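The values are calculated or read from the model by the stated rules, or taken from the named source; none is laboratory data. This structure is a prediction, so every number in the text was calculated from the model and none was measured. Here the Cβ positions follow ideal geometry from the backbone for every residue, glycine too, while neighbour counts run over all protein chains shown.
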Amino acid sequence: MDQSVNDSEPLQQPAPPRGSTNHQITAIMSADSLERLAVAGKGDSTRTLLRVIILLLIAGAAISSRLFSVIRFESIIHEFDPWFNFRATKYLVANGFYKFWDWFDDRTWHPLGRVTGGTLYPGLMVTSGVIYHALRALSIPVDIRNVCVLLAPAFSGLTAYAAYLLTNEMTPSSSAGLLAAIFMGIAPGYISRSVAGSYDNEAIAIFLLVFTFYLWIKALKLGSMLWGALCALFYGYMVASWGGYAFITCLLPLHAFVLICMGRYSTRLYVSYTSWYALGTLASMQIPFVGFLPVKTSEHMPALGIFGFLQLLAFLDYVRSAIPSRQFQTFLWVFAGSVFGIGLTGLVIATSAGYIAPWGGRFYSLWDTGYAKIHIPIIASVSEHQPTAWPAFFFDLNMLIWLLPAGIYLCYQKLADEHVFVIVYALFGSYFAGVMVRLMLTLTPVVCVAAAIALSTILDTYLKAKSPIPEEHLVEEPTDGTSKKVSKPGLRASSKPYIGIYATFSKVTVAGAMTAYLLMFVAHCTWVTSNAYSSPSVVLASRMPDGSQHIIDDYREAYQWLRQNTKDDAKIMSWWDYGYQIGGMADRPTLVDNNTWNNTHIATVGKAMASREEVSYPIMRQHEVDYILVVFGGLLGYSGDDINKFLWMVRIAEGIWPDEVKEREFFTPRGEYRVDAGATDTMKNSLMYKMSYHNYNNLFPPGQAQDRVRGVRLPDDGGPVLNSIEEAFTSENWIIRIYKVKDLDNLGRDHASASAFERGQKKKKVIKKKGPRVLRVD
Amino acid sequence: MRWLPALLSASLFAAGSFAAKKSSEERFAEFHAKQTSHAPVKLTDVSFKSLTTAPRDYSVAVILTALDARYGCQLCREFQPEWELLSKSWVKGDKSAESRLVFGSLDFGDGRETFMGFGLQTAPVLFFFPPTAGPHAAASPEPIRYDFTNGPVPAEMMHSWLVRHLDGRPHPPVKRPVDYLKWAVSFTMITGSLTGVYVLWPYVVPVIQNRNVWAAFTLIAILLFTSGHMFNQIRKVPYVANNPRGGVSYFAAGFQNQYGMETQVVAALYGILSFAAISLAVKVPRIADPRSQVITVWAWSGIILVVYSFLLSVFRVKNAGYPFYLPPFM
């Protein structure tokens, strides 16, 4: 746009002369590649056949590398959130779509309940519901659990295919697409969220993300309304599936904006963008959870703003073609720029005045990285919202991480519209992945695409059997004036004419080395998947001294106990991490769960856990709590237990009741967080501490009680005494402990004195001072 | 001029020694006079004791801090301007002293005994002494303590903390002074840069439109982000750290941890590897001389092998169980 101020060519031919030559090159190249593809398709059908076979093999590899956990453990739903999705899917399959849509769940967030149908992304459940019914219709008897467990691996095969399509849009080399497909299939960054049993929104969302991007590039290249509408359709599916759709909502306008700034406004851009935006926004508003957010919140404003700006540009373009006067055109551009500026100012004012909701906490904390820690501890408390240290990048992407910049550099070489997209995506994707571990997932597709472009360029160069003849080029080079002129707008490195590799030896060296690195990449991916990402975390595995595997199944043991020994509507209080699992496996109502929509309610549970029994008991009575569930790893050395999470409970509670719960009081005066004899009184009297260490001493000889997670010896004072609750169940390895909340005392005593009486401690009689006996005198 | 009589009485009493037992009313008048001229009141051991003596019908908020550079208390120095801003705007907004709150500031250099008396090992700590007499008297004369466990706190948050303990009394809001200098500077900067861009436009355009510049910018940004730069920014990790053996360790132990220098090394390794890949893909096939081409291919392949092997060995430091390696760094 800036360049065109001092330029007077019509807009359709991109304004600066540099850009136009570039476009011609791309046009020639893409025509060339199309022709070549057409030839390959017609003449050489073996190539197509090979490609299909290779893609099928890639899909097979992608699926099979995700089955470690099924083979090692069993077909089981993993972790936390998947349990809710599984429960919702079961509800959908049992009750039908409309009931699911209006589902009010009174078994979570007791006593509030949750309008589940209106507050979830239904894409995942509907997908597996459709698959389930389709298989039933084909008279294949299949369990809904197996559909859910195997959904993520199945979609990973599709993701690999989507990556193949996307990459083929970027480069004429057909090997790049295949490389991208296999990278996408086995890169641990994606496997981390899509192993069998990881039945989460991301399982289908990554496929939708990549495929939507492919459709966008296709629509942009062709300027086609059909492809734009398809893009909107898949965008709608994506919105229905994952909250991360905002990434698309922000990336596509950004791409359009960058293109406009480069002076590459075109009718293709106009058609594809407007058809995507109009249809996509309508589609997204059909989801109850999204509703009117696309016109109300800040994170959707860039898309709306660019939509309006494109209308303006289209209008100006039309006026400009009608009135070819130079001054007038300058005026128009200034006008367009000022309208953009005024619109931006208006947006800022409307946001600060409260008409447009500001950025949601999760999105805002991506920019202002210190925001969540101060204002929303619940966001900061989630481990996947932490910033990413470099080993995580290398762990998840291995050699792709250093091929990424090389691929981006090659994109600069051609720099057609679609390459701009890859560059913008890579830049923002890597920023977001650096701020939040979880967003490694959105970075992985672009890394696979860029790395495939880089690697395929290398392999194509060094695997060409035909070698150039040295003399020919040595003579030809100095007189070659035309090629210099053509390649001027490109990068410095590619200004010389392309020759090829002379020596077979060089070819063998590079191709051999790259093959070795690729083999190592495969080994790395397998190792990472098998060691880090295939644990269901519901079932733990450990090794016995003789090397055999020992399965620790405390979670399911405890949930099964709840299911079989408690009333159907017994309310279970636990920290929110276990809410979904209790709902899914034990089928009991919970106070809080992993859908952390109500911070105050979570803080209430935090307060109950962090306070003295006398304070906690009324809270639990008010919430009709029947049982309390805590996770304790001290016996086994299981570090993800509640005592280690305890500080977050304190912090979240402190955020609401700063006068009643104080984080400082859980630290010793020297600032240490201790659980042994040196622990503070507040710590020792807190309900969580008491529940964790109740009766723990009895497992050990006197004075030997040890906490194996914290690595400390516990005080030898008989352990904490519980008055208002009693132990109901403790699992085999003490990982889960369940306590029953006592009813009010029959005789109206307080619990402390009632249980003291039962322990046989006599209540100390208050001896009334009566004074010396006085002789009665009549 | 309602503070004039207060000032008068204060100057009268200032002559007398602290040892003389003054009434709560007098002490408040004295310290309030001080804070009207300069808030917060700079305290010493003696005046601190006098200010917080038990029968008091006013509240006291004191920051116990260590501003001297010797103690290296970064947090103290960061919080001090906020504290001054809060106390100044409070005192200014409450000229008639209806809230009966005295803001104090006690530096470690002036108040060692007080620090020892409270058994403080860290600074800064804020103490709020509620009144023990009068309509807002608290049940316990003990001060309420505020620890800066979550890092520096803006004046507004401190304000809301104080307000919680001062119900029923006026709460003058924090007024940040308009920084005219900052406005002037930014205005000058903006106009200056606009003029500069306008004048230099013909020279700026080639830079903006230069693909090499943009490519370099993008690649550097991507290398920074993928080598954990944002982690350094957010967690404020040290550049290097001392190890127990008295040396300097450049690589942090543990998978979830890193040092500043470590990320720079990793970014450089990634950069070299990328550059080698670019050279093999783009530059080498354009070398016209067969001999130099062979040498270049060998050089870059060797560099990739050595650097990648080094990268893997660094990664094995972070992740002890990692089984893969390449020669020469086994």
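Miscellaneous remarks
- Restricting attention to the stretch A:93-111, the residues that are crowded, with 20+ Cβ neighbours inside 10 Å and among the hydroxyl-bearing types (Ser, Thr, Tyr) add up to 1.
- A:Trp359 meets the stated requirement of being within 26 Å of A:Cys261 (Cα to Cα) and at pLDDT below 70.
- Selection within the stretch B:54-81 - touching a residue at least 24 places away in the same chain (Cβ under 8 Å) and surrounded by fewer than 20 Cβ atoms within 10 Å (Cβ to Cβ): B:Ala54, B:Pro55, B:Asp57, B:Leu67, B:Asp68, B:Tyr71, B:Cys73, B:Leu75, B:Glu78, B:Gln80
- Filter pass, B:Val307 being buried (at least 16 other Cβ atoms within 10 Å of the Cβ), at pLDDT 90 or above, more than 41 Å from the chain's Cα centre (by Cα) and assigned to a helix (DSSP H, G or I): no
- Residues located in the stretch A:512-549, provided they are of a type outside the set (Val, Ile, Thr), farther than 21 Å from B:Phe324 by Cβ and either in contact with a helix residue (DSSP H, G or I) (Cβ under 6 Å, 6 or more places away or on another chain) or not in a loop (DSSP other than H, G, I, E, B) (or both): A:Pro536, A:Leu540, A:Ala541, A:Ser542, A:Arg543, A:Gln549
- Residues in the stretch A:557-577 that are under 17 Å from A:Glu624 (Cα atoms) and either in a strand (DSSP E or B) or of a type outside the set (A, V, I, L, M, F, W, C) (or both): A:Thr566, A:Lys567, A:Asp568, A:Asp569, A:Lys571, A:Ile572, A:Met573, A:Ser574.
- Where a residue in the stretch A:497-514 is more than 7 Å from every other protein chain (Cβ to nearest Cβ) and its partner, wherever it lies, is among the aromatic types (Phe, Trp, Tyr) and crowded, with 19+ Cβ neighbours inside 10 Å, with Cβ under 7 Å and at least six apart: A:Lys507/A:Tyr462; A:Ala511/A:Tyr462
- Failed item, numbered, when A:Ile77 is tested on (1) of a type in the set (Val, Ile, Thr); (2) within 20 Å of the chain's Cα centre (by Cα); (3) over 22 Å from A:Pro188 (Cβ atoms): (3)
- Of all residues making up the stretch A:658-678, the number that are buried (at least 17 other Cβ atoms within 10 Å of the Cβ), in contact (Cβ under 8 Å) with a residue 24 or more places away in the chain and either within 23 Å of A:Asn599 (Cβ to Cβ) or within 11 Å of chain B (Cβ to nearest Cβ) (or both): 2
- Candidates B:Gly119, B:Gly134, B:Gly168, B:Gly93, filtered to the one that is small (Gly, Ala, Ser) and closer than 16 Å to B:Phe48 by Cβ: B:Gly119
- Among the residues of the stretch B:264-278, those that are among the aliphatic types (A, V, I, L, M) and either more than 8 Å from chain A (Cβ to nearest Cβ) or surrounded by fewer than 21 Cβ atoms within 10 Å (Cβ to Cβ) (or both) comprise B:Val265, B:Ala267, B:Ala268, B:Leu269, B:Ile272, B:Ala276.
- Members of the stretch B:315-330 found to be part of a helix (DSSP H, G or I) and more than 9 Å from chain A (Cβ to nearest Cβ), listed by number: B:Arg316, B:Val317
- Applying the set (1) out of contact with any Pro (no Cβ under 9 Å at 6 or more places or on another chain); (2) part of a helix (DSSP H, G or I) to B:Gln293 leaves exactly one unmet item: (1).
- Which numbered condition A:Arg114 fails, given (1) of a type in the set (D, E, K, R); (2) surrounded by 19 or more Cβ atoms within 10 Å (Cβ to Cβ); (3) free of Cβ contacts under 8 Å to residues at least 40 places away in the same chain: (3)
- Listed conditions (1) surrounded by fewer than 17 Cβ atoms within 10 Å (Cβ to Cβ); (2) within 34 Å of the chain's Cα centre (by Cα) are all met by B:Ser292, apart from (2).
- Scanning the stretch A:562-593 for residues that are within 17 Å of A:Val538 (Cα to Cα), surrounded by 19 or more Cβ atoms within 10 Å (Cβ to Cβ) and out of contact with any Leu (no Cβ under 9 Å at 6 or more places or on another chain) turns up A:Asp577, A:Tyr580, A:Gln581, A:Gly583, A:Gly584, A:Asp593.
- Filtered residues of the stretch A:447-468 (kept if in a helix (DSSP H, G or I) and more than 10 Å from chain B (Cβ to nearest Cβ)): A:Cys448, A:Val449, A:Ala452
- For the stretch A:44-85, filtering for residues that are under 30 Å from A:Asn594 (Cβ atoms) and among the β-branched types (Val, Ile, Thr) leaves 5.
- Total residues in the stretch A:381-395, condition within 15 Å of the chain's Cα centre (by Cα), more than 7 Å from chain B (Cβ to nearest Cβ) and not hydrophobic (A, V, I, L, M, F, W, C): 4
- Those residues of the stretch A:273-303 which are in a helix (DSSP H, G or I), within 17 Å of A:Cys231 (Cα to Cα) and aliphatic (A, V, I, L, M), in sequence order: A:Ala278, A:Leu279, A:Leu282, A:Ala283, A:Ala303
- Candidate set from the stretch B:279-290 (those that are in a loop (DSSP other than H, G, I, E, B) and either under 9 Å from A:Ile499 (Cβ atoms) or polar (S, T, N, Q) (or both)); member that is nearest to the other protein chains (Cβ to nearest Cβ): B:Ala288
- Of the helices (runs of 4 or more DSSP H) lying entirely inside the stretch A:597-660, those containing at least 1 residues that are more than 32 Å from the chain's Cα centre (by Cα) and hydroxyl-bearing (Ser, Thr, Tyr) span A:613-622.
- Search result, residues across the stretch A:626-641 that are modelled with pLDDT of 90 or more and buried (at least 23 other Cβ atoms within 10 Å of the Cβ): A:Tyr627, A:Ile628, A:Leu629, A:Val630, A:Val631, A:Phe632
- Hits in the stretch A:396-435 - residues which are of a type in the set (Phe, Trp, Tyr) and facing chain B (nearest Cβ under 7 Å): A:Trp402, A:Tyr409, A:Tyr412, A:Tyr431
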